[in-house]
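Visitor: Quick one: the structure is below, questions incoming.
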Amino acid sequence: MQFLCPACDAEHRLPLRDLLGAVQVNCDRCGYSFETQEYLARQGPGAISAALKLQQRAWQVGLAVLLVLTAFNVASTFRDHAPPVPGGDIDSGGWFGVGAFRDLQQVRLVSRDLHLHPSRAGVLVLSVIFVNDADRPQPFPRLELTLLDAYSEPVARRVFGPAEYVALEDGDPDSMAPRVHVPARLEFIDPGMRATGFEIEFR
């Protein structure tokens, strides 16, 4: 807070708590030595009251800032431990924050075959059977078909989604049951890459 030297009116600055206390001040301009209480007394009866009100207001502002910072720290600390909010992250099973079981290592290819369509020129037919070896259901995988040339080098690749090889009726489960063979048949245009072999991967 700013105040003036009683002798020469030189401007000085002190924290409000020091101004209200009996602090000895030496004026740098005139060398006059005085106490802060002397300055307040010369300002009249209202000076001390005004200073006290200013000090009280400063405490109120400081307390409000402290409360805001405390609330922010509490919210930051417990944010990651709060229970999930319904509707925020829901999987098909209705659980919150837990994804569906999925383990492609447990999906085993039982048989596969790729041949020309018997009656449609330029159309290939892919027939595969696979099984979920896991102990619980998991989503149908995507099928990645890679056509290979005579040197086993890839010449074309295509990925088929479950909707392209599984025809589900209303009420059918949308995942593979454990240890149940799943047949899939796909028809598609021959890309004309002179492929002599193929590979199947689950994605």
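Visitor: Answer yes if at least one residue in region 124-134 is under 39 Å from the mean Cα position of the chain (by Cα), over 19 Å from GLN106 (Cα atoms) and among the β-branched types (Val, Ile, Thr), and no otherwise.
Guide: no
Visitor: Test of understanding: among SER127, SER152, which residue is in a loop (DSSP other than H, G, I, E, B) and of a type in the set (S, T, N, Q)?
Guide: Among SER127, SER152, only SER152 is in a loop (DSSP other than H, G, I, E, B) and of a type in the set (S, T, N, Q).
Visitor: Residue check, SER175 against (1) free of Cβ contacts under 8 Å to residues at least 24 places away in the same chain; (2) of a type outside the set (A, V, I, L, M, F, W, C); (3) surrounded by 13 or more Cβ atoms within 10 Å (Cβ to Cβ), all met but one. Which one?
Guide: (1)
Visitor: Now, a different point. Can you run down the residue pairs with Cβ atoms below 8 Å, 6 or more apart or on separate chains, where the first is in region 180-191 and part of a strand (DSSP E or B) and the partner is charged (D, E, K, R)?
Guide: LEU186/GLU164; GLU187/ARG120; PHE188/ARG158
Visitor: Next question, about the same structure. Of the residues that sit in region 94-121 and are part of a loop (DSSP other than H, G, I, E, B) and either exposed (fewer than 11 other Cβ atoms within 10 Å of the Cβ) or among the charged types (D, E, K, R) (or both), which one is modelled with the lowest pLDDT?
Guide: Here the answer is GLY94.
Visitor: Further question on the same structure: Between a first residue in region 135-156 that is within 20 Å of LEU124 (Cβ to Cβ) and a second residue that is basic (Lys, Arg) and part of a strand (DSSP E or B), which pairs have beta carbons less than 8 Å apart while being 6 or more apart in sequence or on different chains?
Guide: Sorted first by the residue in region 135-156, then by its partner, the pairs are GLU144/ARG157; GLU144/ARG158; LEU145/ARG157; LEU145/ARG158; THR146/ARG157; LEU147/ARG157.
The values are calculated or read from the model by the stated rules, or taken from the named source; none is laboratory data. In this text the structure is predicted, and so the values were computed from the model without any measurement. Here the Cβ is made from the backbone with ideal geometry for all residues, glycine too, and neighbour counts use every protein chain on show.
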